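Everything below concerns the one structure shown next.
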Amino acid sequence: MAKELILVRHAKSSWSPYSKNTFVGEDHSRPLNFRGQIAAKSIASHLSSKVGIVDKVFSSSARRAVQTADIIVSHVTSVHKNDVVSELYTFEADRLCNYVRKINNEFEKIIIVGHNPAMQEFCKYLANPNNFSRHYKNLEKKYPTCGVAVIKLRCKNWNDLTNNCGNLENFVTPKSISD
């Protein structure tokens, strides 16, 4: 049976009381802002109707990712308890890929909530750009906050991930599902 990987970039976070350019503080502890909470609920509802049951949800340990994952878990049925993983607090696709390769093979369909540019680069690595080109072109252009890529992998085991081993089945953003 093929694996299914759903990659969710965390929802919009707060820089308060500063701006992105003048932020002082620890990036790891930034929460979702109001807009991010609304977007996460919208995406969670969409995932509930389109994805159904997943085996497990994995989340970066960053506060904004955990809050996004919690909203998703409140809408999507997950067979196993979700995991908050410090290794997923990464902006590097290679580190994200290495983590996914170590996931237990009993899990067939998983959600990972993480960060850009790791999410976008990892998707581009996995997805064959010749399939579902509209989705791929949108993903290649921009992977906005709370963007979701659904990738069907031609792998029996997570550690078999290779370049172009998957088909990008869908790429949605909060804006695309509200239009």
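The values are calculated or read from the model by the stated rules, or taken from the named source; none is laboratory data. Please read these numbers as outputs of a predicted model, since none were measured by experiment. So basically every Cβ, Gly included, is an ideal-geometry build from the backbone, and we count neighbours across all protein chains shown. The accessibility values were calculated without ligands, DNA or RNA, using every heavy atom of the protein model including side chains. Shrake-Rupley method; radii C 1.70, N 1.55, O 1.52, S 1.80 Å.
So here's what we get for this one:
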| item | result |
| --- | --- |
| Condition met for V85 (surrounded by fewer than 20 Cβ atoms within 10 Å (Cβ to Cβ), modelled with pLDDT of 90 or more, under 24 Å from S14 (Cβ atoms) and touching a Phe, Trp or Tyr at 6+ places or on another chain (Cβ under 8 Å)) | yes |
| Selected residue [without any contact (Cβ under 8 Å) to a residue 12 or more places away in the chain and over 27 Å from Y125 (Cβ atoms)] from S49, S42 | S49 |
| Boolean, A39 is closer than 15 Å to V113 by Cα and touching a His at 6+ places or on another chain (Cβ under 8 Å) | no |
| Residue in segment 97-107 that is more than 24 Å from I53 (Cα to Cα) and at pLDDT 95 or above present | yes |
| Residues (surrounded by 19 or more Cβ atoms within 10 Å (Cβ to Cβ) and touching a helix residue (DSSP H, G or I) at 6+ places or on another chain (Cβ under 7 Å)) located in segment 69-82 | I71, I72, V76, N82 |
| Search result, residues across segment 21-70 that are among the polar types (S, T, N, Q), under 24 Å from E169 (Cα atoms) and assigned to a helix (DSSP H, G or I) | S42, S45, S48, S49, T68 |
| Residue list for segment 141-166, restricted to those being open to solvent by 40 Å² or more (accessible area, probe 1.4 Å) and over 18 Å from N104 (Cβ atoms) | K141, K142, K152, R154, T162, N163, N164 |
| Lone qualifier among V100, V54, V66, V113 - being hydrophobic (A, V, I, L, M, F, W, C) and open to solvent by 10 Å² or more (accessible area, probe 1.4 Å) | V66 |
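One line per residue, one yes/no per condition, for (1) over 13 Å from the mean Cα position of the chain (by Cα); (2) assigned to a helix (DSSP H, G or I):
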{"site": "F91", "(1), (2)": "no, no"}
{"site": "R95", "(1), (2)": "yes, yes"}
{"site": "I110", "(1), (2)": "no, no"}
{"site": "E121", "(1), (2)": "no, yes"}
{"site": "K137", "(1), (2)": "yes, yes"}
{"site": "K152", "(1), (2)": "yes, no"}
{"site": "C155", "(1), (2)": "yes, no"}
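Per-residue answers, yes or no, for (1) hydrophobic (A, V, I, L, M, F, W, C); (2) within 21 Å of H28 (Cα to Cα); (3) in contact with a strand residue (DSSP E or B) (Cβ under 6 Å, 6 or more places away or on another chain):
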| site | (1), (2), (3) |
| --- | --- |
| D83 | no, yes, yes |
| Y89 | no, yes, yes |
| A118 | yes, yes, no |
| L126 | yes, no, yes |
| G147 | no, yes, yes |
| V150 | yes, no, yes |
| L161 | yes, no, no |
| N167 | no, no, yes |
| K175 | no, no, no |
